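The values are calculated or read from the model by the stated rules, or taken from the named source; none is laboratory data. Just so it is clear, the model here is predicted, and its values are computed rather than measured. Don't worry about glycine lacking a Cβ; one is built from the backbone with ideal geometry, like all the others, and counts go over all protein chains shown. Heavy atoms of the whole protein, side chains included, go into the accessibility calculation; ligands, DNA and RNA do not. Shrake-Rupley method; radii C 1.70, N 1.55, O 1.52, S 1.80 Å.
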Amino acid sequence: MSEGFTEWLRSRSDEQLRLLAMSRPELITPVPANVPGLAARAATPSAIGRALDRLDGFTLAVAETLVVFPPDQLSAAVHRATGNAPGTDEAIERALTTLTEMALVDGEHRLAPGVPDALDPPAGLGQPAARVFRHDERAITLADPRAVRELIAQVGPQARAALDELAWGPPSGRVPNARREVSVETAQSPIEQLLARGLLGAIGDETVTLPREVGLVLRDDRLHRDLSPVPPPLEGATRRADLASRTAAGQAFSFVRSVEELCEIWGVDPPGVLRTGGLAIRDLRRAAQQLDVPEWTAALVIEVAHAAGLIAAGGPADAEWLPTLAYDLWRARQTEDRWETVARAWLTLDRVPGLAGARDDRDRLLNVLHPDLRRGAAAEIRRRVLTVVAATELAPSQESVLARLTWERPRRRGNHLARLTEFALREAEVMGLTGLGVMSPHGRAVLTGVKAADLLAPLLPEPVDHVVLQADLTAVAPGPLTGELDRWLGLAADVESKGGATVYRFAEGSIRRVLDAGQSAEEILAMLARHSATPVPQPLSYLVTDVARRHGRLRVGSASSYLRCDDPAVVDELLADRRAGVLRMRRLAPTVLVSKASRATLLDSLRSMGYAPVAESLEGDVLITRADARRTEAQPVRQVNGLLAPEAEVVTAAIRALRAGDHALLSRPVPVGEPGGAVPRTPATATISALQEAIKQGSRVWIGYLDSQGQATSRILEPARIEGGYLTAYDETRAAIHRFVLHRITGVADVN
């Protein structure tokens, strides 16, 4: 590690170190013991790679320019690359400020240790001639740009075309017998002409490369082509702000209702959990049909409900997907608060619902709620997409958003970026964060972490508490219904169509659901009359009373199960029914039958045969079943903070600890007789004797020690015992007791 870089880091102010930790949080996780530890961690390839991944296109180009050109030539080299575009000087200053804050360059704009290696080769250039030709005469010749131009002028047009093709990268190609010696006189093919003059170099038996010096001449000393100091503009359509906001609010309302409807359906009829985890494709299609949405939207609703803790695996051996107890609390809140909960769950979700139904690299189907939908970059890319959309008043096109994202993080571009961008844009629209492609005020609030419900509430449609009952056994809801009426009507009728107005249809099965939930015919008719803008139609009244009259005439209990009925004629009819043979029923009394089938099976079978039985307890009381009776415990859901920066309080504490550790390092004593604090070195016998004496006297010693990588370090110890080839001692340097391998101790010195 460069001592100069360590001292430069030490000279930085606390505020400058705080900015470093905010931009590169991995450097303080965990907190280094001192500044040399921070410098060593900052120079590791993984840490440098993460930092470079966060640079925008122009800042990365400036860093690559510093690999090739010295700092005093940086401005001229960048101006050549941008074609002296306006704003280049200001952009260079901003880039250098960013690189300095991230400790990728020091105060004199020299690249930090490890950065040149991480950027090699820069900007698609090849290796330096000295590395290609192993410091022979050709490397010396190519160091002079004029000599390179003269050599290029000597080759034919085909050879020059080959050079132009390699100039902007990739700089390497495959050629048979690339290592074969050839002279200028014997060269025949265009490639041989280039090899003979050193304009190409062989780096393998079948691989040639364009030396860096030749590439720079071909590029006219421009390291980058078409470099822009500003990001690409966002292009898209203009929308009316009020119309976009209202559209987003309508989408938000619909999404909340879809989540609620899903949980209500799954509370009654939960789908199973696959043996490998997740939800079966047939259950996804069924949910899409029930919610009247496309399959990808149903997958989004399911994944977001799960991320918000509203559904989880439960039931016997966690074999079913059920609503959680948290769902009941969520359902009782206002619509705007419910939306904010699910919107924030989506923003931090580390899974990609859009991949559901696709296949992975091994041709395996990706199911909803399956662990294979997890992608580490999903939350970050989702947040970056919304940040780009929020930066404009337009409805930006997907292409321009992707171009901006690529410019902001050029090292992270790839096929996955395009797909995740597409998913994020369409999901944000469906959830109501955007309306007509424009970021909504409440969506912007979710993105920035402020309260969004208050901004959404005025935009939501006012719920209505009435429906229009019609003679064809349908009810028309002229708008969104209040929560209580919506849940009751969802139980008492089936949704026939959605749109500007929702149409519900009453049928025998739906009325029976309300009766099973414990309501009488009078209560049902009273509820309809209270919430109907018109009188209850006679056909609907007849339907309710007729189903109620037949409801409960049969009573089912457990024998395995039994059946009783006050009317012996009905029992006779049931015994004569050939469809009842599989139930294996036996008559105990004129009005009582028993069956080996379970009570649930007997109930379902009788209902499928057209009867309307009810369940009863051993005491003879009717068992009331409710649609929301099945619940499970909420399970912790993995979520990711899309923000890269840690909390300010954590950073402040880390810098304080770092400074304290560095102060302790600088103020520790020095070994006696070791000039400049060098690592002690003594013969092995003298080392053992000195350690034994220190154990006897209870004194401290300074030792030199080789770590597992063979690097020499020094430690201040209070030796305790020597046993089995190990020294056990209290290490003051690390404030802990450690065991040291004796043969790795290079020497011992006294401590001042």
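Of all residues in segment 136-158, count the ones that are closer than 21 Å to Arg222 by Cβ and loosely packed, with under 11 Cβ neighbours inside 10 Å.
From segment 136-158, those closer than 21 Å to Arg222 by Cβ are 142-153; that's our starting set.
Next, from what is left, pick out any that are loosely packed, with under 11 Cβ neighbours inside 10 Å: 146, 153.
So the answer is 2.
I'm trying to understand the selection: among the residues of segment 486-506, which are within 18 Å of Val268 (Cα to Cα), open to solvent by less than 50 Å² (accessible area, probe 1.4 Å) and aliphatic (A, V, I, L, M)? Working first, answer last.
Quick first cut of segment 486-506, residues within 18 Å of Val268 (Cα to Cα) only: 486-495.
Applying the additional criterion that residues be open to solvent by less than 50 Å² (accessible area, probe 1.4 Å) yields 486, 488-493.
The answer is Leu489, Leu491, Ala492, Ala493.
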Matching residues in segment 364-382 (open to solvent by less than 30 Å² (accessible area, probe 1.4 Å) and basic (Lys, Arg)) number 1
I'm trying to understand the selection: among the residues of segment 537-558, which are of a type outside the set (Lys, Arg) and open to solvent by 40 Å² or more (accessible area, probe 1.4 Å)?
Gln538, Pro539, Tyr542, Thr545, Asp546, Ser558
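Would you check if there is a residue in segment 560-568 being part of a helix (DSSP H, G or I) and either open to solvent by less than 40 Å² (accessible area, probe 1.4 Å) or within 30 Å of Thr474 (Cα to Cα) (or both)?
Looking for residues that are part of a helix (DSSP H, G or I) and either open to solvent by less than 40 Å² (accessible area, probe 1.4 Å) or within 30 Å of Thr474 (Cα to Cα) (or both), one finds none in segment 560-568, hence no.
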I'd like the full set of residues that are assigned to a helix (DSSP H, G or I) and buried (at least 19 other Cβ atoms within 10 Å of the Cβ), limited to segment 297-325.
Thr297, Ala298, Ala299, Leu300, Val301, Ile302, Glu303, Val304, Ala305, His306, Ala307
Selection count where residues are under 43 Å from the mean Cα position of the chain (by Cα) and either on the phi > 0 side of the Ramachandran plot or among the charged types (D, E, K, R) (or both), scope segment 205-231:
9
Looking at Arg419, Arg384 in this structure, which one is more than 15 Å from Leu55 (Cα to Cα) and among the basic types (Lys, Arg)?
Arg419
Sort through Ala153, Ala161, Ala187 and tell me the only one that's hydrophobic (A, V, I, L, M, F, W, C), within 48 Å of the chain's Cα centre (by Cα) and more than 20 Å from Ala130 (Cβ to Cβ).
Ala161
Is at least one residue of segment 431-453 at pLDDT below 90, surrounded by 17 or more Cβ atoms within 10 Å (Cβ to Cβ) and not polar (S, T, N, Q)?
no
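Please pick out the residue among Leu481, Leu515 that is open to solvent by less than 40 Å² (accessible area, probe 1.4 Å), free of Cβ contacts under 8 Å to residues at least 24 places away in the same chain and within 20 Å of Glu264 (Cα to Cα).
Numbers: Leu515 fails: free of Cβ contacts under 8 Å to residues at least 24 places away in the same chain.
Result: Leu481 is the single residue among Leu481, Leu515 that is open to solvent by less than 40 Å² (accessible area, probe 1.4 Å), free of Cβ contacts under 8 Å to residues at least 24 places away in the same chain and within 20 Å of Glu264 (Cα to Cα).
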Under 9 Å between Cβ atoms, at least 6 apart or on separate chains: pull out the pairs that start in segment 558-579 with a residue that is without any contact (Cβ under 8 Å) to a residue 40 or more places away in the chain and end on any residue that is part of a helix (DSSP H, G or I) and open to solvent by less than 60 Å² (accessible area, probe 1.4 Å).
Ser560/Leu602; Tyr562/Leu602; Arg564/Val571; Cys565/Val571; Cys565/Leu574; Leu574/Ala580; Leu574/Leu606; Arg579/Ser605
Which of the residues that make up segment 38-85 are touching a Phe, Trp or Tyr at 6+ places or on another chain (Cβ under 9 Å) and small (Gly, Ala, Ser)?
Ala39, Ala42, Ala43, Gly57, Ala76, Ala77
If Thr601 satisfies every condition in (1) closer than 12 Å to Ser561 by Cβ; (2) open to solvent by 40 Å² or more (accessible area, probe 1.4 Å); (3) touching a strand residue (DSSP E or B) at 6+ places or on another chain (Cβ under 6 Å); (4) polar (S, T, N, Q) but one, which is the exception?
(3)
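Among the residues in segment 94-110, are any within 30 Å of Leu9 (Cα to Cα), in a loop (DSSP other than H, G, I, E, B), acidic (Asp, Glu) and open to solvent by less than 40 Å² (accessible area, probe 1.4 Å)? Write out each step before concluding.
Here is the first cut: in segment 94-110, the ones within 30 Å of Leu9 (Cα to Cα) are 94-110.
Now restrict to residues that are in a loop (DSSP other than H, G, I, E, B): 102-104, 106-110.
Keeping just the survivors that are acidic (Asp, Glu) gives 106, 108.
Restricting the remaining residues to those that are open to solvent by less than 40 Å² (accessible area, probe 1.4 Å) gives 106.
Yes, the conditions are met somewhere in segment 94-110.
Within segment 122-133, can one find any residue that is assigned to a loop (DSSP other than H, G, I, E, B), within 47 Å of the chain's Cα centre (by Cα) and farther than 26 Å from Phe58 by Cα? Steps first, answer last, please.
Within segment 122-133, the subset assigned to a loop (DSSP other than H, G, I, E, B) is 125-128, 133.
Checking which are within 47 Å of the chain's Cα centre (by Cα) leaves us with 125-128, 133.
Filter once more, keeping what is farther than 26 Å from Phe58 by Cα: 133.
For segment 122-133, residues assigned to a loop (DSSP other than H, G, I, E, B), within 47 Å of the chain's Cα centre (by Cα) and farther than 26 Å from Phe58 by Cα: present.
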Of residues in segment 457-466 being touching a helix residue (DSSP H, G or I) at 6+ places or on another chain (Cβ under 7 Å) and not in a loop (DSSP other than H, G, I, E, B), the one surrounded by the fewest Cβ atoms within 10 Å (Cβ to Cβ):
Ala457
Every listed condition ((1) surrounded by fewer than 19 Cβ atoms within 10 Å (Cβ to Cβ); (2) modelled with pLDDT under 85; (3) in contact with a strand residue (DSSP E or B) (Cβ under 9 Å, 6 or more places away or on another chain)) holds for Ala178 save (1)
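The rows are residues; the columns are (1) in a strand (DSSP E or B); (2) closer than 24 Å to Ala345 by Cβ; (3) without any contact (Cβ under 8 Å) to a residue 24 or more places away in the chain; (4) touching a strand residue (DSSP E or B) at 6+ places or on another chain (Cβ under 7 Å).
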{"residue": "Ser400", "(1), (2), (3), (4)": "no, no, no, yes"}
{"residue": "Arg411", "(1), (2), (3), (4)": "no, no, no, no"}
{"residue": "Thr421", "(1), (2), (3), (4)": "no, yes, no, no"}
{"residue": "Ala428", "(1), (2), (3), (4)": "no, yes, no, yes"}
{"residue": "Ala445", "(1), (2), (3), (4)": "no, yes, yes, no"}
Which numbered condition trips up Gly610, out of (1) in a loop (DSSP other than H, G, I, E, B); (2) touching a residue at least 40 places away in the same chain (Cβ under 8 Å); (3) under 18 Å from Ser510 (Cβ atoms); (4) out of contact with any helix residue (DSSP H, G or I) (no Cβ under 6 Å at 6 or more places or on another chain)?
(2)
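Taking Gly354 as the residue in question, decide whether it is on the phi > 0 side of the Ramachandran plot and crowded, with 20+ Cβ neighbours inside 10 Å.
Working: on the phi > 0 side of the Ramachandran plot: no; crowded, with 20+ Cβ neighbours inside 10 Å: yes.
No: the conditions fail for Gly354.
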Checking the structure you have, find out if any residue of segment 57-66 is touching a residue at least 60 places away in the same chain (Cβ under 8 Å) and assigned to a loop (DSSP other than H, G, I, E, B).
no
Only one of Ala47, Ala95 that is among the aliphatic types (A, V, I, L, M) and at pLDDT below 95:
Ala47
